[in-house]
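Every number in this text was worked out from the coordinates using simple rules, so none of it is lab data. Treat the numbers as computed from the prediction; the structure is a model and nothing was measured. All Cβ positions, glycine included, derive from the backbone under ideal geometry; neighbour counts span all protein chains shown.
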Amino acid sequence: MIRHYISKLNSFIIRKTVKYIVWDFDGTLYENKKLGRDLQSAFFDIAKNKDKNLTQKSFNIATEKFGSWSAAAAQLSSIPELKVLDIVDSKINKAIYLKKNLTLVKQIESTQNQYHHLILTNSTTAEVISCLKKIGFNTDKKPTGPFEKIFGRDSTRLLKPNLKIYNKILAYTKAPKFTHLFIGDSLNHDINPARLSGFQALPIWEINKIFKH
């Protein structure tokens, strides 16, 4: 019972203090298992090009150590991670995998007058824009739909979980840190770094705390 009231209090505080909702993209605004498998395979292939004897098990261990497929591929191939991501983007078009998520779309589009919605992602801006329509967002008037701005790796030249990336958001909004809420699917790459940077943060599976009225 106490935990329930604490949860309600936290939800109330979030709704009252947040002005900017910053969304992760991959794994947060969409989830597709086949895309995940194909991406993992593409990153593995990059690493294997450097070491023909590399096994999937070894790659998985490296992923655990370095935090992501792209970081593991970069370390094992000695190719900068930004370049690794560019290579994979040239091979895989994420948009063709995606389906509509009208529940999420409605939640976000119906709160544009209440919150400023932003996207912070390790994907590129062009890649995100190509996917938003597939997810179901209204992009007729603006290619970014309900999102005021997309901070992709092409503009930030940084990758999460680098804490410096949150300064890019703050330089744009010019608002106090606590008025920003970051929503993502990874505790290590999204939630924990955002909180360390002074943002509020919620995992995607808890978004009803802000959208439940």
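Ranked by how many other Cβ atoms sit within 10 Å of their own Cβ, fewest first, the residues Thr17, Thr111 fall in the order Thr17, Thr111. Dimensions of the stretch 74-213 from C-alpha coordinates, computed as largest minus smallest value along each principal axis and given longest first, are 49, 35, 26 Å. Distance between the 7 Å Cα→Cβ label points at Asn49 and Lys34: 2.5 nm.
Projected over all directions and averaged, the alpha-carbon convex hull of the stretch 33-94 occupies 3.9 nm².
Computed 3J(HN,Hα) for the stretch 183-192, one whole-Hz value per residue from the Karplus formula 6.51 cos²θ - 1.76 cosθ + 1.60 where θ = phi - 60°, is 10, x, 10, 10, 5, 6, 9, 10, 5, 5, glycine and proline marked x. Taking one quarter of the surface of the C-alpha convex hull of the stretch 140-210 gives a mean projected area of 5.5 nm². Placing +1 on each Lys and Arg Cβ and -1 on each Asp and Glu Cβ, with no other charges, gives the chain a dipole about its Cα centre of roughly 460 debye.
Where only DSSP H runs of four or more residues are counted, the chain gives -14500 deg cm²/dmol as its mean residue ellipticity at 222 nm, each run worth -39500 (n - 2.57). Once both labels are positioned 7 Å from their Cα atoms along Cα-to-Cβ, the gap between Lys57 and Gln112 label points is 5.2 nm.
Length available on full extension from Trp205 to Asp89: 0.36 nm per residue minus the Cα-Cα distance, which gives 39.1 nm. Cross-link partners of Lys177 among lysines, defined as those whose alpha carbon lies under 25 angstrom from its own and excluding same-chain residues fewer than eight positions apart: Lys8, Lys16, Lys19, Lys149, Lys160, Lys164, Lys168, Lys209, Lys212. One decimal place: the segment Thr17-Asn162 gains 49.7 nm when fully extended, by the rule 0.36 nm per residue minus the C-alpha distance.
Distance between the 7 Å Cα→Cβ label points at Ala175 and Leu102: 3.0 nm.
Applying 1/(1 + (r/R0)^6) with r as the Cβ-Cβ distance of Phe66 and Lys141 and R0 = 30 angstrom yields a FRET efficiency of 0.15. Legend: helices of the chain (whole DSSP H runs) are marked when their alpha-carbon atoms reach 20 angstrom or more along the helix axis and their mean Kyte-Doolittle hydropathy is at least -0.5; marked are 2-17.
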